[in-house]
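Colleague: Below you will find the structure I want to go over with you.
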Amino acid sequence: MFDLPKYGKGICLARMAELLDALAIDRAKLQERSVAITGSNGKGSTAAFCASIGRAYGLRTGLFTSPHLFRVNERFQIDGAPIADPALNELVRRIGTTIDTVSRKRREQFGAFEAMFALACLYFQESDCEIMVFEAGIGGRYDPVRLLGSRTTAVASIDYEHVELLGHSLELIVSDKSDACASGGTIVYGENCRHLRAHIIEYNRNRNVESLFVRDEVGISNESIAAAGQSFDFAFRDHHFRSLEVALPGGFQLDNAAIATALFLRWLECARPGGAASRIEAAARAGLRETRWPGRLETIAQAPL
């Protein structure tokens, strides 16, 4: 899509900031409306759940994920629909021209993921998305998603990956991914991060970042996991939702669904407080039940399975 290497040269933050400014991206609005999801595994599913809940709540919802399954258009979705070819081609042209200008000025090489991140920001802004859900590339400290300035973020899970970039311990890796969250924000951590809780809380303390953990501050109980369907009870602050149905198969998806639900509720508290409790619960139920994420443990036929 872009005639660029997969990764740019060096740290991208300064050149990405200049690119967003050159594209007239409203950074304050981007911060207010964005949710950033990092992690080793589960980012895509969590992002899909969160966007689906936002859409069920009645918000115009942007979703940026990677990789794509069939077509690159899938990476840029609004209200569940991938970007159309004409719009994609026009945005690629505009982003490419601006990247050429910034590259020559700074004498730095952009990467393809950086260009796609900028495209998503511009597409969602010009489409007036009310909530924008972004999946990180690698890490969080130097990933383009840090430019969102999001105060509502998640670390879906932690494992050893990209250790040459992120560090050779789980503490270093989770610290890097946590840095996608702006000061004063909230991070929802998946269940497999709980053994790092003491480190995470101290790491986030001086940034005034709230740390929430699935099965601690975010409650899961009464899980039902079966091929025919999955459900769980969810509890977060004043919200108690019984028997939430999860469309995506795999027991691990209950964790991702809980992260996404808490993430949306926290974003809603900050961006649009005062919503009716019944409307919020209905959106969570419909969003989790209606989420589709093709090609990820998807059942495409029953006979034979």
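Here, each number is a calculation from the coordinates, and none is a lab measurement. Everything numeric here is computed off the predicted structure, so don't read it as measured data. Cβ coordinates were reconstructed from backbone atoms using ideal geometry, including for glycine residues, and neighbour counts include every protein chain displayed.
Colleague: When the chain is treated as a GNM, springs tying every alpha-carbon pair under 10 Å, which of ARG146, ARG242, ARG272 comes out with the largest mean-square fluctuation?
Modeller: Fluctuation is largest for ARG272.
Colleague: Which whole-Hz couplings ³J(HN,Hα) result when phi for each residue of the stretch 73-78 is put into the Karplus expression 6.51 cos²θ - 1.76 cosθ + 1.60, θ = phi - 60°, listed in order with x for Gly and Pro?
Modeller: Here the 3J(HN,Hα) series is 3, 4, 6, 10, 10, 10 Hz.
Colleague: Let me ask you something else. With +1 on the Cβ of every Lys and Arg and -1 on the Cβ of every Asp and Glu, and nothing else charged, how large is the dipole of the stretch 79-170 about its Cα centre, in debye rounded to the nearest 20?
Modeller: Numbers: 9 positive and 14 negative charges, 118 e Å.
Here the size comes out at about 560 debye.
Colleague: A further question follows. Could you tell me which residue out of PRO249, MET16, ALA156 lies farthest along the dipole of the chain toward its positive end? Charges go on the beta carbon: Lys and Arg +1, Asp and Glu -1, centred on the Cα centre.
Modeller: It is MET16.
Colleague: May I have the pair-distance distribution P(r) for the stretch 13-290, computed from all Cα-Cα distances with 5 Å bins from 0 and rounded to whole percent?
Modeller: Using 5 Å bins, I get a P(r) of 1, 6, 13, 17, 19, 17, 13, 8, 4, 1, 0, 0 for the stretch 13-290.
Colleague: Please count, across the chain, the pairs of lysine residues with Cα atoms under 21 Å apart that sit 8 or more places apart or on different chains.
Modeller: Values: LYS6/LYS43; LYS6/LYS105; LYS6/LYS177; LYS9/LYS105; LYS9/LYS177; LYS43/LYS177.
Eligible lysine pairs with Cα atoms under 21 Å apart amount to 6.
Colleague: Also, quick follow-up: For the stretch 111-247, build the charge dipole from Cβ charges (+1 Lys, Arg; -1 Asp, Glu) around the Cα centre, then report which of PHE113, GLY184, ASN222 sits farthest towards its positive end.
Modeller: GLY184
Colleague: To the nearest 500 deg cm²/dmol, what mean residue ellipticity at 222 nm is calculated for the chain from DSSP H runs of n ≥ 4 alone, each contributing -39,500 (n - 2.57), summed and divided by the residues? Mind showing how you got there, number by number?
Modeller: Working: 10 runs with 123 residues, N = 305.
Counting only the DSSP helices, I get -12500 deg cm²/dmol.
Colleague: Next up: Sorted by mean Cβ packing within 10 Å, highest first, what order do the peptides 206-218, 50-62, 288-300 take?
Modeller: Result, highest mean Cβ count within 10 Å first: 50-62, 206-218, 288-300.
Colleague: Taking Cα atoms, how many degrees apart are the long axis of helix 112-126 and the longest axis of the chain, rounded to 10 and kept between 0 and 90?
Modeller: Once rounded, the angle reads 70 degrees.
Colleague: Treat every Asp and Glu Cβ in the chain as -1 and every Lys and Arg Cβ as +1, leave all other atoms uncharged, and give the resulting dipole magnitude about the Cα centre to the nearest 20 debye. Could you put the intermediate results ahead of the total?
Modeller: Values: 35 positive and 37 negative charges, 97 e Å.
That gives the chain a dipole magnitude of about 460 debye.
Colleague: Place a +1 charge on the Cβ of each Lys and Arg in the stretch 39-122 and a -1 charge on the Cβ of each Asp and Glu, then give the dipole magnitude about the Cα centre in debye, rounded to the nearest 20. If you can, show how the numbers build up before the last one.
Modeller: Values: 11 positive and 7 negative charges, 50 e Å.
So the dipole magnitude of the stretch 39-122 works out to roughly 240 debye.
Colleague: Mind checking which of ALA283, ILE173, CYS270 is farthest towards the positive end of the chain's charge dipole, using Cβ charges of +1 (Lys, Arg) and -1 (Asp, Glu) about the Cα centre?
Modeller: CYS270
Colleague: Whose amide H sits under 5 Å from the amide H of THR186, counting only residues 5 or more places off or on another chain, with H placed in the peptide plane?
Modeller: THR152, THR153, GLU210
Colleague: Okay, next question. Cα axis of helix 85-106 to longest principal axis of the chain: angle in degrees, 0 to 90, nearest 10?
Modeller: 60
Colleague: Restricting things to alpha carbons, find the Rg to Rh ratio for the stretch 76-179 using the Kirkwood radius for Rh. Spell out each step's value before the answer.
Modeller: Numbers: Rg = 15.7 Å, Rh = 15.5 Å.
Across the stretch 76-179, the Cα-based Rg/Rh ratio is 1.01.
Colleague: For helix 43-56, what angle does its Cα long axis make with the longest principal axis of the chain, in degrees from 0 to 90 and rounded to 10?
Modeller: The angle comes out at about 80 degrees.
Colleague: Of the candidates ALA154, ALA81, ALA260, which one comes out as most mobile in a Gaussian network treatment of the chain with C-alpha springs shorter than 10 Å?
Modeller: Comparing ALA154, ALA81, ALA260 in a Gaussian network model of the chain, the most mobile one is ALA81.
Colleague: Which of these, PHE124, PHE134, PHE241, has the largest mean-square fluctuation under a Gaussian network model of the chain (Cα springs below 10 Å)?
Modeller: In this elastic network of the chain, the residue with the biggest mean-square fluctuation among PHE124, PHE134, PHE241 is PHE241.
Colleague: Next question. If you build the convex hull over the alpha carbons only and average its shadow over all orientations, what do you get for the stretch 141-244? Give it in nm² to one decimal. List each step's numbers first, then the result.
Modeller: Details: hull surface 31.7 nm².
If you wrap the Cα atoms of the stretch 141-244 in a convex hull and average its projections, you get 7.9 nm².
Colleague: Could you calculate the FRET efficiency of GLU269 with ASN41 from 1/(1 + (r/R0)^6), where r is the beta carbon distance between them and R0 is 22 Å, rounded to 0.05? Before the final figure, lay out each step's value.
Modeller: Working: r = 27 Å, r/R0 = 1.23.
Step by step, r from the Cβ atoms, then E = 0.20.
Colleague: A further question follows. Applying the Karplus parametrisation 6.51 cos²θ - 1.76 cosθ + 1.60 with θ = phi - 60° to the phi angles of the stretch 173-188, what ³J(HN,Hα) value in whole Hz is obtained for each residue in order, glycine and proline being reported as x?
Modeller: Using θ = phi - 60°, the values come out as 5, 5, 5, 4, 5, 5, 6, 5, 8, 6, 4, x, x, 10, 10, 9 Hz.
Colleague: From the backbone phi of the stretch 132-149, what are the Karplus-calculated ³J(HN,Hα) couplings (6.51 cos²θ - 1.76 cosθ + 1.60, θ = phi - 60°) in whole Hz, Gly and Pro given as x?
Modeller: Working through the residues one at a time gives 10, 9, 10, 8, 6, x, 10, x, x, 4, 10, 6, x, 4, 5, 5, 5, x Hz.
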